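The values are calculated or read from the model by the stated rules, or taken from the named source; none is laboratory data. In this text the structure is predicted, and so the values were computed from the model without any measurement. All Cβ positions, even for glycine, are placed from backbone atoms using ideal geometry, and neighbour counts span all protein chains on display. Only protein heavy atoms, including side chains, enter the accessible area calculation; ligands, DNA and RNA are left aside. Shrake-Rupley method; radii C 1.70, N 1.55, O 1.52, S 1.80 Å.
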Amino acid sequence: MNAQLLEVKTMLGQLRLSGAREKLEELLSEALKKELTALQFTDLLLKEELAVRNANSLKKRMKRARFPEHKTLAEFDFGFQQSVSKQQLLGLMDMCWVEKAFNLFFLGPPSIGKTHLALCLGIKAVQIGYQVSFVTLDQLIDILKTEPALSRSKRRLKQIMSSQLVIIDEVGFLPVNRQEANMFYQLVSHFYQQTSVIITSNKGFEEWAEFLGDTAITTAILDRLIHNSEIFNMSGDSYRINHRNTIL
């Protein structure tokens, strides 16, 4: 490596242009072969830097979202689960509803695809460039309760509250007490008309007061969540039971 090339790579490193630094020699060789102009070479170099930065940014957003698994719309069996249509979900994939702080509800019994659809939308939102957080209600309550004492909970809550889309999974699976319900209400109030929320729940709205333990708080929570929302009432048999793995 000649001294001038080394100096340029060093300067690129100091400027934190790591993508351009790593590809510099390869792009110089390509420029010579194709007899590119200085402007064309610069264009290639900057595009490489942007590609690396975008990939790194996507990786960071995916990590921050804490999705439990990767799901795509192509993997969803709309033939088995017919209470929602592919056209409906494709219509949500442009994420215009996130810009308007609209909420989505996927309601219905266990194992019918509620979380799968929420993950599809969350992952697409991350790919587009949004900050997303995925959390179960049980995890969220634990974060809210321990935030004053634990730095990790404080950091996690800050991430959730700064997200543009928050997915709250498994709402209604476990009961919460009145204090916990009030904490949840405070968070929902923070999100109201500012942050989009996707809720998956095995309970209909008429059952929420039972697991939240307070009718007034439940009404206040639902009032804010439902005001701007799309509700998918899903039904059907359990996908896991119908597609169970067997030994024999």
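Go through F232, G172, S189 and say which Cα lies farthest out towards the positive end of the charge dipole of the chain; charges sit on Cβ, +1 for Lys and Arg, -1 for Asp and Glu.
After comparing all options, I get S189.
What number, rounded to the nearest 500 deg cm²/dmol, is the helix-based mean residue ellipticity at 222 nm of the chain, given -39500 (n - 2.57) per DSSP H run of at least four residues and division by all its residues? Walk me through the intermediate numbers first.
Values: 12 runs with 140 residues, N = 248.
Calculated mean residue ellipticity at 222 nm is -17500 deg cm²/dmol.
If one takes the longest principal axis of the Cα atoms in the chain, at what angle in degrees, from 0 to 90 and to the nearest 10, does the Cα axis of helix 215-226 lie?
The angle comes out near 40 degrees.
Can you tell me the orientation of helix 114-128 relative to the chain, as the angle in degrees between its alpha-carbon axis and the longest Cα principal axis, to the nearest 10?
30
Mind checking which of L140, A216, W97 is farthest towards the positive end of the chain's charge dipole, using Cβ charges of +1 (Lys, Arg) and -1 (Asp, Glu) about the Cα centre?
So the residue furthest toward the plus end is L140.
Can you give the longest stretch of the chain with no exposed loop site, where a site means GluC sites (Glu not before Pro) in a DSSP loop (not H, G, I, E or B) with at most 10 other C-beta atoms within 10 Å? Could you put the intermediate results ahead of the total?
Values: sites that count: E35, E69.
That would be 70-248.
Once amide H atoms are built 1.01 Å from N in the peptide plane, which residues 5 or more positions from E230, or in another chain, come under 5 Å H to H?
The list, which skips near neighbours in sequence, is N103, L104, F105.
How much of V132 can a 1.4 Å solvent probe reach, expressed as accessible area in Å² and rounded to 10?
Accessible area, nearest 10 Å²: 0 Å².
Using the structure shown, list the pairs from K23/K63; K63/K154; K86/K114; K60/K158; K63/K124; K71/K124 with a Cα-Cα distance above 19 Å, or answer none. Walk me through the numbers before you get to the answer.
Working: K23/K63 26 Å; K63/K154 17 Å; K86/K114 14 Å; K60/K158 16 Å; K63/K124 14 Å; K71/K124 10 Å.
Result: K23/K63 exceed 19 Å.
Pairs of alpha-carbon atoms within less than 8 angstrom and 6+ residues apart define the contacts here; what relative contact order does the stretch 56-143 have, in percent? Don't jump to the answer; show the numbers that get you there.
Details: 58 pairs, mean separation 43.2, N = 88.
Once divided by the residue count of the stretch 56-143, the mean separation gives 49 percent.
Compute the long axis of helix 3-14 from its Cα atoms, compare it with the longest principal axis of the Cα atoms of the chain, and write down the angle in degrees, 0 to 90, nearest 10.
Taking the Cα atoms of the chain, the angle to 3-14 is about 20 degrees.
Residue by residue through the stretch 195-209, what is 3J(HN,Hα) from phi via Karplus (6.51 cos²θ - 1.76 cosθ + 1.60, θ = phi - 60°)? Round to whole Hz and write x for glycine and proline.
9, 7, 10, 10, 10, 10, 8, 8, 10, x, 4, 5, 9, 5, 4
In the P(r) worked out for the stretch 57-214, what percent of Cα pairs fall beyond 20 Å?
Details: 6179 of 12403 pairs.
When all Cα pairs of the stretch 57-214 are counted, 50 percent exceed 20 Å.
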